[in-house]
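Take a look at the following structure, please.
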Amino acid sequence: MSRHYDVIIIGSGPAGLSAALYASRAKLSTLVLEKSKNGGQAAITHLIENYPGAVEDPTGPRVTARMVEQAKSFGAEIKQDEVLNVELEGDEKVVTCVSGDYTAKTVIIATGASPRKLDAPGIKELESKGISYCATCDGDFFEGLDVYVVGGANSAVEEALFLTKFARKVTIVYRRENVRCEKVTAEKAKNNPKIEILGNTVVTEAIGDGILEAIRLKNLITGEEYVIEADEEDGTMGLFFFIGYIPQTKLFEGKVEMTEDGYIKAGEDTRTNVDGVFVAGDCRVKDIRQVVTAVSDGAVAAIRAEKYIAEKFE
Ligand SMILES: Cc1cc2nc3c(=O)[nH]c(=O)nc-3n(C[C@H](O)[C@H](O)[C@H](O)COP(=O)(O)OP(=O)(O)OC[C@H]3O[C@@H](n4cnc5c(N)ncnc54)[C@H](O)[C@@H]3O)c2cc1C
């Protein structure tokens, strides 16, 4: 078994799988290393209806399984192995995994970013059953329902405004008195008749048997806790969290340039500050984190890697 490759891709989410497709189709020897299940966050998404072509039964697991098959059909190897360390300087990059070392001419980092989650009872159990972290992805599942949005920074208020297209009413739950976003966005929210802002309040529990039926809130000034139940006829409600993302990039600290909050710096060309190292998908500095933008990065990174190898080694 070879342990040396043209390209090693770390992460088998949409970005990594798209990079694997492009790299293997360009006849580069390609290894994808994935610490968990293939498909990344997209694989745990109930439905991906906004990815072009994903029309027939577009569940997250199905769409990503097709990506895996397509990459494999051109020769990409995909291994379940966690990357523990990387040495990225020089012509031979060393990637250390649980099973040992691999080497490569180029490395594509595609380790993603996870939405920050609240550690409270019921949250994990009711994810994708009323609880969501992505309005663009899941907003239309809440047509005509009451929706609660947790967070008060720009993204939270903008997503709350977006959710008013679907929801009957959107309540922003925020731990401070006032939302902390751009003035113009705050004004829009205040003037939107579908939006209510509940300041000095946090969610302490999500309640439901297989589907979100109620939430427990706490007023931080009075200490009072109370439960809000879904409308009886609806039977359910929405709870969206927009309390930030955590890029999965700890491994690369001090090895490639990053922003203060841990996103790897690269432009649309996906090139990092280290020769032969590229970054694709949600862990890259960018505005929109979606499947379609992740696969786009993956394609660009693989084509860049191919060019780098041709110029440097051939
Ligand atoms: C609940 C939810 C619903 C969503 N719905 C949609 C939707 O409907 N439409 C849409 O377009 N987008 C949606 N998104 C966003 C979309 O899932 C992401 O933008 C996309 O998955 C990003 O792809 P990625 O490959 O960059 O990262 P990820 O999908 O996060 O994949 C990164 C992979 O890297 C692996 N990894 C990390 N560290 C290591 C390591 N050290 N060693 C080995 N492997 C490692 C991880 O295990 C993971 O599999 C949703 C996100 C969430 C959370």
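The values are calculated or read from the model by the stated rules, or taken from the named source; none is laboratory data. Quantities reported herein were computed from a predicted structural model and do not represent experimental measurements. Note that we place each Cβ from the backbone using ideal geometry, even for glycine, and neighbour counts take in every protein chain shown. Areas reflect the complete protein model, heavy atoms only, side chains present, ligands, DNA and RNA absent. Shrake-Rupley method; radii C 1.70, N 1.55, O 1.52, S 1.80 Å.
For a quick check, take a GNM of the chain with Cα springs below 10 Å and name the residue from T259, T201, T270 with the largest mean-square fluctuation.
Looking only at T259, T201, T270, the biggest GNM fluctuation is shown by T259.
By the gyration tensor of its Cα atoms, with a ≥ b ≥ c the square roots of the eigenvalues, what is the shape of segment 257-298: rounded for a/c under 1.5, prolate for a/b over b/c, or oblate?
oblate
Summarise the accessible area of segment 258-314 (1.4 Å probe, protein heavy atoms) by the percent that is carbon and sulfur.
Of all accessible area on segment 258-314, carbon and sulfur atoms account for 46 percent.
Using only alpha carbons, build the gyration tensor for segment 29-83 and give me the equivalent ellipsoid semi-axes, biggest first, whole Å.
Over the Cα atoms of segment 29-83, the semi-axes work out to 22, 14, 7 Å.
Something else now. Report, to the nearest 10°, how far helix 291-313 tilts away from the longest principal axis of the Cα atoms in the chain, using its own Cα long axis and a range of 0 to 90°.
With both axes taken from Cα atoms, the answer is about 20 degrees.
Putting +1 on Lys and Arg Cβ atoms and -1 on Asp and Glu Cβ atoms, find which of F242, V291, G267 reaches farthest to the positive end of the dipole of segment 227-314.
Result: G267, furthest along the dipole toward the positive end.
In the Gaussian network model of the chain, springs joining C-alpha atoms below 10 Å, which of G298, G40, G144 carries the largest mean-square fluctuation?
Highest fluctuation of the listed residues: G144.
Let me ask something else. How big is the Cα convex hull of segment 1-98 in projection, averaged over all directions, in nm²?
Hull-based average projected area comes out at 6.7 nm².
Got a number for carbon plus sulfur as a percent of segment 32-107's accessible area, 1.4 Å probe?
Ligands and nucleic acids excluded, carbon and sulfur reach 51 percent.
Here's another thing I want to ask about it. Using a ≥ b ≥ c from the Cα gyration tensor of segment 120-247 (square roots of the eigenvalues), is it rounded, prolate or oblate, where a/c under 1.5 gives rounded and otherwise the larger of a/b and b/c decides, a/b for prolate?
In terms of gyration-tensor shape, rounded.
Continuing with the same structure: Å³ per residue of the Cα convex hull, for the chain?
144
If I take the Cα coordinates of segment 141-213 and project them onto the principal axes, what are the three extents in Å, biggest first?
On the principal axes, segment 141-213 reaches 39, 26, 17 Å in Cα extent.
Can you give me the accessible area per residue for the chain, using a 1.4 Å probe, in Å²?
49
Please give the contour-minus-distance gain from H46 to K190: 0.36 nm per residue of separation, less the Cα-Cα distance, rounded to one decimal in nm.
My answer for the length gained is 48.7 nm.
So which lysines pass the test for K105, namely a Cα distance under 16 Å, with those fewer than 8 places away in the same chain ruled out?
K27, K93, K307, K312
Sort by residue number and report every cysteine in the chain with no other cysteine beta carbon within a distance under 4.7 Å.
C97, C181, C283
So how strong a dipole does the chain carry about its Cα centre when Lys and Arg Cβ are +1 and Asp and Glu Cβ are -1, to the nearest 20 debye? Let's see the in-between values first.
On the way: 37 positive and 50 negative charges, 132 e Å.
So the dipole magnitude of the chain works out to roughly 640 debye.
Roughly how many percent of the accessible protein surface of segment 109-200 is carbon and sulfur, given a 1.4 Å probe and a whole-percent answer?
About 48 percent, which is the carbon plus sulfur part of the accessible surface.
OK, next. Please state the shape class of segment 197-246: rounded when a/c is under 1.5, otherwise prolate if a/b exceeds b/c and oblate if not, all from the C-alpha gyration tensor.
oblate
Set Lys and Arg Cβ to +1 and Asp and Glu Cβ to -1, take the dipole of the chain about its Cα centre, and tell me which of G208, A186, V150 lies farthest positive.
A186
Between the alpha-carbon centers of segment 53-111 and segment 160-187, tell me the distance in whole angstrom.
38
Can you tell me the orientation of helix 14-25 relative to the chain, as the angle in degrees between its alpha-carbon axis and the longest Cα principal axis, to the nearest 10?
Compared with the principal axis, the helix lies near 20 degrees.
Below 27 Å, Cα to Cα, which lysines can K188 reach? Residues fewer than 8 away in the same chain don't count.
Of all the lysines, those that pass the test against K188 - Cα under 27 Å, at least 8 places apart if same chain - are K117, K165, K169, K218, K286.
Something else about it: Multiply the residue separation of E253 and N154 by 0.36 nm, subtract the distance between their alpha-carbon atoms, and state the gained length in nm to one decimal.
32.9 nm
Students sometimes get this wrong: rank K79, K93, K183 by accessible area, probe 1.4 Å, all chains present, largest first.
In descending accessible area the options line up as K183, K79, K93.
In nm, give the distance between the simple-model label positions of E232 and R180, each being 7 Å from the Cα along the Cα-to-Cβ direction.
Calculated label separation equals 4.1 nm.
Another question, if that's okay. What residue among V98, T171, I131 has its Cα farthest toward the positive end of the dipole of segment 88-196, where the charges are +1 on Lys, Arg and -1 on Asp, Glu, each on the Cβ?
The listed residue farthest towards the positive side: T171.
Restricting the calculation to Cα positions, tell me the Rg (one decimal) and the Dmax (whole number) of segment 164-314 in Å.
Both quantities, over Cα of segment 164-314: 21.8, 70 Å.
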